[in-house]
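Chemist: Quick one: the structure is below, and I'll ask about it shortly.
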Amino acid sequence: MKISPRVTHSIAWGVCWAAGLLSLAFLLVIIGYVFVNGIGSISWEFLTTNPQGGLKGEGGILSPLVGTLYLVALTLLIAVPLGVGAAIYLSEYAVNNWFTKMVRFGVESLAGIPSIVFGLFGFALFVIALGFNFSILSGSLTLACLCLPVIIRTCEEAIKAVPGTYREASYGLGATKWQTIMHVILPAAIPGIITAIILTVGRIVEETACLYVTMGGSSNMPTSVWSNSRTLSLHLYYLAMETTAVDKALATGVILILIIVVINFVTRWLSNRYVAMTRGGNR
Amino acid sequence: MSKISDSVLQPGCELRRVYDGFWRYAIYLFGAISFIILLLIALFIFREGYPAFQKIGIWQFISGLRWDVSDQAYGILPMIIGSTYVTIGALLISVPLGIFTAVFLTDVAPQMMRSIIRPAIELLVGIPSVVYGLVGMLMLVPIIRQSGHGSGDSVLAASIVLAVMVLPTIVSITEDSIIAVPNAYREGALSLGATRWQMIWHVVLPAAKSGIIASIVLGMGRAIGETMAMIMVIGNSIIIPDSIFSPARTLTGTLALELKYAAGLHWNALFATGVVLFVFILILNSFGFLMLRGKNK
Amino acid sequence: MAVKIQIRDLNFFYGPAQALKSINMDIYENKITALIGPSGCGKTTLLRLMNRMSDLVPDTRVEGQVLIDGQDIFEKSVDVVNLRKKVGMVFQQPNPFPKTIFENVAYGPRMLGTNDKQALSKIVEESLKKAALWDEVKEMLNKSGMTLSGGQQQRLCIARVLAVNPQIILMDEPCSALDPISTLKIEELMMDLKKEYTVIIVTHNMQQAARVSDYTGFMLLGELVEYAVTREIFNVPKDKRCEDYITGRFG
Ligand SMILES: Nc1ncnc2c1ncn2[C@@H]1O[C@H](COP(=O)(O)OP(=O)(O)O)[C@@H](O)[C@H]1O
Ligand SMILES: [Mg+2]
């Protein structure tokens with residue numbers, strides 16, 4: 001018996017609905033589970049005490065929180081200038097030659113390499129060879145390498161979106177290329193670059209594997225970039241794998257998800273505003 | 001009026017010109033940085049991994065069945081199989097689900113659903129992998145255990161967790177390539193009396209094929225590279241899994257679990273494992289990007 | 001009458017496509033020269049060669065000479081940055097920077113190394129006055145240049161060019177995006193400017209060419225078909241194609 005096209009169509013439509021709803025359900029289940037089971041353990045004390053390092057996961061998340069902040073700041077400090085520089089190359093200086101092909105190959109390949117391979121590299125180079133030991137510095141340097149492709153790509157797009165008329169006007173006034181870049185192009189691309197930075201913050205917060213082998217994982221309060229430390233994500237891992245404090249792991253998960261939600265919200269808001277602004281500017 | 005000819009001839013050595021010249025070269029260096037890092041990564045892991053290949057033999061290393069640190073036996077076949085199983089399992093779930101979700105988003109869903117699901121999928125990308133691992137560990141593993149198949153830490157649990165993690169990659173790239181299919185194709189099919197599903201199945205999806213393949217390849221890269229979430233739900237026993245309920249270990253998991261305590265040949269063997277991963281991923285991703293490029297031509 | 005720019009056997013190519021075909025032209029100092037012709041005939045291309053904005057388009061080729069005050073601007077020894085300081089350009093779409101009105105005008109001098117606030121204020125005021133914009137904006141120099149009306153924006157762009165003290169001003173259809181009143185204001189401004197500067201304007205608007213220019217060149221398919229005193233071109237055109245174009249019987 002042959003099924004009529006109309007029936008196939010209806011079945012297929014049903015399957016698509018099911019797939020869409022299932023994808024949504026995954027998110028709801030994950031977030032729902034973490035929140036329902038984790039939110040009860042969040043308290044002022046949880047946020048403001050250090051983990052004690054015991055098997056029951058005693059203590060809060062203050063030092064991992066501070067460790068995360070250290071890591072975010074230092075990683076951005078290293079990766080953003082490099083990434084913006086590379087983006088400037090790709091959008092303003094690149095001509096179609098072997099060098100540009102090499103640059104693109106580098107960015108694309110780096111983007112696909114697994115976090116743990118960056119970890120191997122960071123361990124061998126920063127932790128051992130350069131003697132930075134397990135530290136926030138080693139973690140940041142490793143993570144900066146990992147984040148570079150994201151920064152480069154998003155900044156390149158932001159710079160390419162700057163209207164060509166600004167460039168012409170600037171050159172027409174006798175400005176040099178570098179002056180044009182510094183005084184006209186980058187200022188106009190700032191909202192896009194900020195979006196790139198916030199996206200990168202998200203990446204840093206979610207990353208675990210490469211930090212697991214470079215940051216050390218100490219639950220002590222970090223005092224400098226040389227401190228052995230852990231991030232929130234790492235802390236969650238340690239709680240889940242090495243303690244019985246499932247509730248605290250979930251509570252840490254709640255905090256992480258909240259951070260990611262805020263980051264998503266802010267980038268969305270910024271890029272909408274950015275689109276509105278560039279459209280308005282061409283009036 | 002003064003003549004222009006005098007002033008345009010001497011570039012002068014104003015500071016701004018010195019800057020301009022300096023930055024022109026500096027920027028090339030910035031451009032090269034990713035490539036330099038790529039080379040450094042290759043250099044370091046090859047250098048540290050090489051002694052292992054030399055002492056164990058490349059083939060013995062890759063096809064060896066035993067990984068036993070106390071016995072100085074280093075064969076990574078069980079981990080290769082573990083990684084492969086989990087990746088295949090994850091793709092079996094996420095590819096159909098991802099493609100249908102993408103079609104749902106482009107052709108089926110009412111605007112309201114779209115504006116819920118798109119941000120939801122973006123959010124899935126951002127959630128830390130350890131959170132996935134945690135939910136898998138606390139929710140999924142007990143369900144599998146209660147169904148009477150061992151401890152619950154298993155290839156199945158890992159596959160499901162991984163499927164959710166690569167879903168956004170597959171949905172977003174597939175969606176982009178469906179959107180890129182020219183409208184004329186759709187109109188052509190509809191004007192011949194096809195139902196909308198026939199149009200999608202016979203015209204749109206084939207036209208978006210290379211984008212879909214790219215999404216699968218890139219999703220696969222992500223799956224093979226995932227580390228912490230896998231450790232949390234797969235059991236990490238070094239065995240060749242004999243069923244989906246059996247525990248296993250992934251290549252990445254071995255690296256994370258053992259690296260900090262390794263020395264000597266063990267250390268070299270871990271870097272050699274890294275080399276295998278690095279080379280494999282590089283080939284896989286180059287293939288994926290080639291597919292994506294092909295689509296744009 | 002002094003010749004400011006001499007164009008000699010000028011050919012220009014975008015890749016393989018020839019956009020200008022052996023142009024010969026003398027442009028006079030302190031006059032307004034208009035370039036007219038149907039779209040795509042090469043007016044913009046010719047104009048942008050005069051301050052080498054053409055360098056910004058990759059894969060192009062120039063043959064022949066453009067001499068300014070007798071100096072060939074395509075010679076190796078010529079510095080484009082200095083050249084563009086002396087040969088300013090106003091574009092079709094007003095394109096102020098997303099900066100304040102003050103900073104828009106001060107941009108050029110700043111890039112040339114003037115950082116003294118007082119000196120800058122003086123330049124900004126003078127330039128805005130010359131561009132007939134001072135009275136309208138003197139109270140709001142710290143507002144964004146983007147907030148001005150289209151006509152004001154275009155005068156701001158002119159002021160921005162004047163601030164770097166050029167000798168020649170190139171204008172590429174400067175009024176095509178403006179309303180008639182703003183257009184008239186800019187035309188009046190041009191009549192003023194020619195006392196101090198050599199002005200070359202590309203325009204689509206025949207009346208505008210007839211009203212403001214002293215000389216007019218008619219271009220077609222990359223060639224300069226006819227070039228003469230404006231009155232002659234509009235009253236007794238020698239070339240049939242030019243006559244057709246001017247009387248609106250073209251194409
Ligand atoms: N950037 C470019 N690349 C290739 N061809 C161009 C470019 N700009 C203009 N042209 C071509 O050169 C010719 C002259 O263009 P243009 O000088 O802009 O004419 P006009 O300003 O008179 O309308 C046209 O045929 C146009 O297609
Ligand atoms: Mg034009």
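Read-outs throughout are calculated quantities, based only on the coordinates presented, and are distinct from any laboratory measurement. Bear in mind that the values here come from a model prediction, so they are computed numbers and not experimental data. Positions of Cβ are generated from backbone atoms using ideal geometry, with glycine treated the same way; all protein chains shown enter the neighbour counts.
Chemist: State the antiparallel share, in %, of DSSP beta bridges confined to the range C:146-251, rounding to the nearest 5.
Modeler: On the way: 6 of 11 bridges.
Bridges in the range C:146-251 are about 55 percent antiparallel.
Chemist: For C:ALA19, which sequence-distant residues (separation of 5 or more, or a different chain) have an amide H within less than 5 Å of its own amide H, given hydrogens modelled in the peptide plane?
Modeler: Answer set, sorted by chain and number: C:PHE12, C:PHE13, C:TYR14.
Chemist: Please identify the helices of chain B, taking whole runs of DSSP H, that span at least 18 Å along their own axis as judged from the Cα atoms and have a mean Kyte-Doolittle score of 0.5 or higher. Present the calculation step by step, with values, prior to reporting the outcome.
Modeler: On the way: long enough: B:15-56 (59 Å, 0.96); B:77-103 (38 Å, 1.82); B:111-126 (23 Å, 0.76); B:155-179 (34 Å, 1.99); B:209-225 (24 Å, 1.17); B:264-296 (48 Å, 1.26).
Helices meeting the span and hydropathy rule in chain B are B:15-56, B:77-103, B:111-126, B:155-179, B:209-225, B:264-296.
Chemist: Another one. List residues of the range A:145-188, by number, whose backbone nitrogen lies under 20 Å from a label position 7 Å along Cα→C-beta of A:ILE194.
Modeler: It comes to A:151-163, A:182-188, nothing else.
Chemist: Right, next: Once phi is turned into θ = phi - 60°, what whole-Hz ³J(HN,Hα) does the Karplus curve with 6.51, -1.76 and 1.60 give for every residue of the range A:150-159, x standing for Gly and Pro?
Modeler: Calculated HN-Hα couplings, in order: 4, 5, 4, 5, 5, 5, 4, 4, 4, 6 Hz.
Chemist: Another question, then. Can you show me the helix-derived [θ] at 222 nm for chain B, built from DSSP H runs with n ≥ 4 at -39,500 (n - 2.57) apiece and divided by the number of residues, rounded to the nearest 500. Kindly include the intermediate steps, with their values, before the conclusion.
Modeler: On the way: 14 runs with 213 residues, N = 297.
Here the helix-only value at 222 nm equals -23500 deg cm²/dmol.
Chemist: Between the range B:158-203 and the range A:186-226, what is the C-alpha centre distance in whole Å?
Modeler: 35 Å
Chemist: Taking the Cβ of A:ILE194 as the center, what net charge do the other residues with Cβ under 14 Å away carry, scoring Lys and Arg +1 and Asp and Glu -1? Numbers along the way, then the final one.
Modeler: On the way: positive: A:ARG268, A:ARG273; negative: A:GLU157.
Result for the local shell: +1.
Chemist: Between B:SER147 and A:ALA161, what is the spin-label point distance in nm, taking each point 7 Å from the Cα along the Cα→C-beta axis?
Modeler: The answer from the label model is 4.5 nm.
Chemist: Modelled label-to-label distance, B:ILE58 and B:TYR185, 7 Å Cα→beta-carbon offset: nm?
Modeler: For B:ILE58 paired with B:TYR185, the spin-label model returns 4.0 nm.
Chemist: What trypsin sites (Lys or Arg not before Pro) does the range A:1-92 have in DSSP loop regions with at most 11 other beta carbons within 10 Å? Numbers along the way, then the final one.
Modeler: Details: sites: A:LYS2, A:ARG6, A:LYS56; in loops: A:LYS2, A:LYS56.
In loop regions of the range A:1-92 (DSSP not H, G, I, E or B), the sparsely surrounded trypsin sites (Lys or Arg not before Pro) are A:LYS2, A:LYS56.
Chemist: While we're looking at this one, here's another question. Counting only other chains, and only Cβ atoms inside 10 Å, what mean value do you get across the residues of C:82-94? All intermediate terms of the calculation are to be shown ahead of the outcome.
Modeler: Values: counts 9, 5, 7, 7, 7, 4, 3, 5, 2, 4, 1, 3, 3.
Rounded to a whole number, the mean comes out at 5.
Chemist: How would you order A:162-170, B:15-23, C:210-218 from highest to lowest mean count of nearby Cβ atoms within 10 Å? All intermediate terms of the calculation are to be shown ahead of the outcome.
Modeler: On the way: A:162-170: 19.0, B:15-23: 14.4, C:210-218: 22.0.
My ranking of the peptides, most packed first, is C:210-218, A:162-170, B:15-23.
Chemist: Something else: How big is the Cα convex hull of the protein assembly as shown in projection, averaged over all directions, in nm²?
Modeler: Convex hull of Cα atoms, orientation-averaged projection: 43.9 nm².
Chemist: Follow-up question, since we're still on this one. Just how far, in whole angstrom, is the range C:113-170 from the range A:91-144 if you go by their alpha carbon centroids?
Modeler: Value for the Cα centre distance between the two parts: 47 Å.
Chemist: While we're looking at this one, here's another question. Would you kindly state the longest site-free stretch of chain C, with sites defined as GluC sites (Glu not before Pro) in a DSSP loop (not H, G, I, E, B) surrounded by at most 15 other Cβ atoms within 10 Å? Mind showing how you got there, number by number?
Modeler: Details: sites that count: C:GLU75, C:GLU139, C:GLU196.
Result for the longest clean stretch: C:1-74.
Chemist: Moving to a separate point now. Report for the range C:3-246 the percent antiparallel among DSSP-assigned beta bridges with both residues inside it, nearest 5. Please list the in-between numbers first.
Modeler: Values: 25 of 42 bridges.
The antiparallel proportion sits near 60 percent.
Chemist: What's the average, rounded to a whole number, of partner chain beta-carbon atoms within 10 Å of each residue's beta-carbon in A:249-259?
Modeler: On the way: counts 6, 4, 0, 4, 8, 1, 0, 6, 5, 0, 2.
Average per residue, whole number: 3.
Chemist: Oh, and also: Given chain A, what whole percent of its Cα pairs are spread farther than 33 Å?
Modeler: Numbers: 15403 of 39903 pairs.
The calculated P(r) of chain A puts 39 percent of pairs beyond 33 Å.
Chemist: Calculate one ³J(HN,Hα) per residue across the range C:211-220 by plugging θ = phi - 60° into the Karplus curve 6.51 cos²θ - 1.76 cosθ + 1.60, and present them in order as whole Hz with x for glycine and proline.
Modeler: 5, 9, 8, 8, 10, 9, x, 9, 10, 8
Chemist: Can you compute the modelled spin-label distance between A:VAL15 and B:TYR50, with each label point 7 Å from Cα toward Cβ, in nm?
Modeler: 5.2 nm
Chemist: Something else: Looking only at other chains, what is the average number of their beta-carbon atoms within 10 angstrom of each beta-carbon in A:231-241? Can you show the working numbers first?
Modeler: Numbers: counts 1, 2, 5, 3, 1, 7, 10, 1, 2, 9, 7.
Averaged over the peptide's residues, the number is 4.
Chemist: By a straight-distance test (C-alpha under 14 Å), which aspartates and glutamates pair with B:LYS3 as possible cross-link partners, with residues fewer than eight away in the same chain excluded?
Modeler: Answer for B:LYS3, where 14 Å is the Cα cut-off: C:GLU29, C:ASP69, C:ASP72, C:GLU196, listed by chain and number.
Chemist: Out of residues 5 or more away from A:MET221 or on other chains, whose amide H comes under 5 Å of its own, with H placed 1.01 Å from N in the peptide plane?
Modeler: It is none; the list stays empty.
Chemist: Hey, could you get me the Stokes-Einstein D for the range B:15-75, Kirkwood radius over alpha-carbon pairs, 25 °C and 0.890 mPa s, rounded to whole µm² s⁻¹? Write out the running numbers ahead of the final one.
Modeler: Numbers: Rh = 15.0 Å.
Reported coefficient: 163 µm²/s.
Chemist: Still on this model: With a 10 Å Cβ neighbour count serving as the proxy for reagent exposure, in which order, fewest first, do A:HIS183, A:HIS235, B:HIS149 appear? Before the final figure, lay out the partial values.
Modeler: On the way: A:HIS183 19, A:HIS235 29, B:HIS149 14.
With the fewest neighbours first, A:HIS183, A:HIS235, B:HIS149 line up as B:HIS149, A:HIS183, A:HIS235.
Chemist: With θ taken as phi - 60° and the coefficients 6.51, -1.76 and 1.60, list the Karplus ³J(HN,Hα) couplings across the range A:48-64 in order, rounded to whole Hz; mark glycine and proline as x.
Modeler: After applying 6.51 cos²θ - 1.76 cosθ + 1.60, I find 10, 10, 7, x, 8, x, x, 6, 8, x, 4, x, x, 10, 4, 5, x Hz.
Chemist: Here's something else I'd like to know. Any chance you could check the Cα centroid distance between the range B:254-294 and the range B:80-126 for me, in angstrom?
Modeler: Cα centroid of the range B:254-294 versus Cα centroid of the range B:80-126: 26 Å apart.
Chemist: Taking amide H positions as placed in the peptide plane 1.01 Å from N, state which residues far from C:VAL202 in sequence (5 or more) or on other chains have amide H under 5 Å from it.
Modeler: Amide H neighbours of C:VAL202, under 5 Å, 5+ apart: C:LEU35, C:MET171, C:ASP172, C:GLU173.
Chemist: Then there's this: What's the ranking of B:236-247, B:163-174, B:178-189 by average number of surrounding C-beta atoms within 10 Å, highest first? Provide the component values of the computation, followed by the final result.
Modeler: Values: B:236-247: 16.4, B:163-174: 25.1, B:178-189: 13.7.
Packing order, densest peptide first, comes out as B:163-174, B:236-247, B:178-189.
Chemist: Moving to a separate point now. Can you give me the relative contact order of the range C:3-246 as a percent, contacts being Cα pairs under 8 Å and 6 or more apart? Kindly include the intermediate steps, with their values, before the conclusion.
Modeler: On the way: 466 pairs, mean separation 68.5, N = 244.
So the answer I get is 28 percent.
Chemist: Among B:119-129, B:208-218, what's the highest-first ranking by average C-beta atoms within 10 angstrom per residue? Don't jump to the answer; show the numbers that get you there.
Modeler: Numbers: B:119-129: 20.5, B:208-218: 22.1.
Those peptides, ordered most packed to least, come out B:208-218, B:119-129.
Chemist: Order of B:ASP71, C:ASP9, C:ASP79 from fewest to most other C-beta atoms within 10 Å? Write down the numbers at each step before the final one.
Modeler: Details: B:ASP71 8, C:ASP9 11, C:ASP79 16.
So the ranking, lowest neighbour count to highest, is B:ASP71, C:ASP9, C:ASP79.
Chemist: With both bridge residues required to lie in the protein assembly as shown, what share of the DSSP beta bridges run antiparallel, to the nearest 5%?
Modeler: Close to 60 percent.
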